[in-house]
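Please read the structure below before turning to the comments.
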């Protein structure tokens, strides 16, 4: 039917594809692969996932080759297939991420609801706090203990050590930064602990 493959029009190609010609499928693959890959990559922002989506689109095209007579425009059909595949992938990933997050929170909350586990965590945290305080410079450590453990106000600490309130505040700010850094691994657990109490 088509003696010169170089002169085949888009309509001819679609007709050949609908008839199941392997040559037409290969040509469509060469014409559309890069375009569909770029569409998928714009949706997914991940090369490997975009490549997989694109391959699946062509696989779907080949599997439905006997039904292509119902399709008016191969171009629109392939673009729609790619877009829908990307949206389904993103939806699935969102559900998977939500499920994992929910599972993680359940594990943490169940752990904290167990009184023995909570007690172990509390003891471990107390030790970690004391170890972190011990690492502070001497004057900063003394100010921090008076403020955060003994509960004194900045003015009272300033009088006690014969220093200005501003110096006390500077020591406290330094101490708080230090403690946040050293206790950052406990932040999520502390938050969950406060929720479950």
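We did not get these values from a lab; they are worked out from the coordinates using the rules stated. Since the model is a prediction, treat every value here as computed from it, not as a measurement. Quick reminder, even Gly has a Cβ in these numbers, built from the backbone with ideal geometry, and neighbours come from all protein chains shown.
If packing is taken as the mean number of other Cβ atoms within 10 Å per residue, what is the order of 37-45, 157-165, 126-134, highest first?
Per-residue Cβ counts within 10 Å, averaged per peptide and sorted highest first, yield 37-45, 157-165, 126-134.
What distance in nm separates the two pseudo spin-label positions at residue 60 and residue 161, each 7 Å out from Cα along the beta-carbon direction?
Placing both labels 7 Å beyond Cα along the Cβ direction yields 6.6 nm.
Could you work out how much longer the chain between residue 134 and residue 176 gets when fully extended? Use 0.36 nm per residue separation minus the Cα distance between them, nm to one decimal.
Here the answer is 13.8 nm.
Taking 0.36 nm per residue of separation and subtracting the Cα-Cα distance, what length does fully extending residue 46 through residue 150 add?
Stretched fully, the residue 46-residue 150 segment lengthens by 32.1 nm.
Given 0.36 nm per residue, what is the gain on full extension from residue 22 to residue 34 after removing their alpha carbon distance, in nm?
Roughly 2.4 nm would be gained on extension.
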